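The values are calculated or read from the model by the stated rules, or taken from the named source; none is laboratory data. Note that the structure is a prediction, hence the values are computed from the model and not measured. Cβ coordinates were reconstructed from backbone atoms using ideal geometry, including for glycine residues, and neighbour counts include every protein chain displayed. Just so you know, the surface numbers come from the protein's heavy atoms only, side chains and all, with ligands and any DNA or RNA stripped out. Shrake-Rupley method; radii C 1.70, N 1.55, O 1.52, S 1.80 Å.
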Amino acid sequence: MSVRNLVGRMIPGDLKYYMYSLNYYWEDIRRYKKYSNGYLSPNKEKILLGKIIVTYHIIEKGLTMPDMRPGFGKDALHTLIGLCHTYIGKQCNQQDDHFTHAVKLLNEYVRVHKALQFSLDPLLLEKIKALSERTKVMDTCSQLGCDNDEYFRHADSPFRDFAFSRHSIRNFINKPVDRELILKAVEIAQKSPSSCNRQPNRVYILENRENIQWLLESQKGNRGFGQMIDKVIVLTAEVGVFNGFTERNEAFLNSGMYAMSLLYGLHYYRIGAVSLAYVRVSREDDKKLRALCGIPDSEVVSMLIGCGHVPGKLSIASSPRYKVDKIVKVVS
Ligand SMILES: Cc1cc2nc3c(=O)[nH]c(=O)nc-3n(C[C@H](O)[C@H](O)[C@H](O)COP(=O)(O)O)c2cc1C
């Protein structure tokens, strides 16, 4: 027997498992640490742009809130202006659609407040004007406004129209969503593909007001509209059906695909819905949610979906997308 085999036999199975898996997890950690925005390279173009998008999205969402609070988002506005100047200073691409959208959104913020005859802080106005002049982006970008019928007018349309008509909804009326409708939407989501048809996805529907309120407070990404959400859907995936380190991300991948189908299912049944990230829920609250819903330790919680009925008139964040040629590379 070779020395290698001998040593291999002497190492307990569990330890071997951890040693092999470390390679894979280490590669995940390495890549994430090197390229994601929380760590070492705060000034790289992609990272700056990511921060610009996240920050302008706060303003964009604020502008669509049913009870928009004039003068909202002061910190986010100053942060966004600062990020834009850093972006320009680093010679990043000022033609990027998201960069120009950020400046247009700042201009839109000013326009909306002018229309409301609300006096904004002169320093803020000055800074927005200076940024517009520096970038030569003087126009605005309005958010989408529509009524309920218009929003769902493509619910039965061919898929292209249907898909383009779905948006995240952050404005709901005080009317309970029929549980049966959600279950019908889940039936559609059940048709999602899954790795080897292992169907790891599980769905928990929170109906109790107090539980919903508690979870949304913990979630944190629903300020200004969470109180209007009627039901919260918790999406999880069972890790137990996966095998080996190479499948370590499959639970989240399958759950993401499932979530999209469910969002389409809800849209089809004319239920407004918004995805809610599960990334800021503390470990303690994760435990609490698991106990509350009976979510076993073997499942990962991937995200939440808040849903409710859509009001007669509503405003929707425009959330522009990159053009296809920006993100596709054909390798022929
Ligand atoms: C995983 C995930 C997490 C999200 N979390 C939040 C959130 O916490 N709060 C929120 O208002 N929107 C959230 N969204 C919605 C996105 O902001 C939205 O999908 C994006 O801006 C595109 O807009 P659209 O859905 O209207 O097309 C999330 C979306 C995804 C996919």
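Brief remarks on what is shown
- Within region 284-304: backbone nitrogen closer than 19 Å to the Tyr32 label point (7 Å, Cα to C-beta): 284-287, 298-304
- Secondary-structure-derived ellipticity at 222 nm for the chain, considering helices only, amounts to -16000 deg cm²/dmol, per-run term -39500 (n - 2.57) for DSSP H runs with n ≥ 4.
- Label point distance in nm, His78-Ser2, each placed 7 Å from Cα along Cα→Cβ: 6.4 nm
- Gained length - Tyr17 relative to Gln199, 0.36 nm times residue gap less alpha-carbon distance: 63.0 nm
- Rounded accessible area of Arg209 (nearest 10 Å², 1.4 Å probe): 100 Å²
- Counting only residues at least eight positions apart within a chain, or on another chain, the aspartates and glutamates with an alpha carbon under 17 Å from that of Lys34 are Glu45.
- Taking a ≥ b ≥ c as the square roots of the eigenvalues of the Cα gyration tensor, region 147-316 is oblate, since a/c reaches 1.5 or more and a/b is not larger than b/c.
- The apolar share of the surface of the chain, taken as the fraction of accessible area on carbon and sulfur atoms (1.4 Å probe, ligands and nucleic acids excluded), comes to 54 percent.
- Its residue count N sets the reference 2.2 N^0.38 Å, and the alpha-carbon radius of gyration of region 59-158 equals 1.24 times that reference.
- Label-to-label distance for Phe164 and Lys129 is 3.9 nm, based on points extended 7 Å past Cα in the beta-carbon direction.
- Rounded, prolate or oblate (a/c below 1.5 giving rounded, otherwise prolate when a/b exceeds b/c) for the chain by Cα gyration tensor: oblate
- Residue-level accessible surface for Tyr322, protein heavy atoms, 1.4 Å, Å²: 80 Å²
- Estimated distance in nm for a label pair at Leu183 and Arg69, the labels positioned 7 Å out from Cα along Cα-to-Cβ: 4.0 nm
- Rounded accessible area of His167 (nearest 10 Å², 1.4 Å probe): 50 Å²
- FRET efficiency, 1/(1 + (r/R0)^6) with R0 22 Å, evaluated for Val110 and Lys326 via beta carbons: 0.20
- Net charge of neighbours whose Cβ lies under 14 Å from the Cβ of Ser282, counting Lys and Arg as +1 and Asp and Glu as -1: +2
- Protection proxy ranking, highest mean first, for peptides 296-302, 324-330: 296-302, 324-330, where packing is the per-residue count of other beta-carbon atoms within 10 Å, averaged.
- Residue-normalised accessible area of region 14-138, given per residue in Å² at a 1.4 Å probe: 61 Å²
- Summing +1 for each Lys or Arg and -1 for each Asp or Glu among the other residues whose beta-carbon sits under 12 angstrom from that of Asp149 gives +1.
- Sorting 4-15, 106-117, 256-267 by average packing, meaning the other beta carbons within 10 Å per residue, from highest down gives 256-267, 106-117, 4-15.
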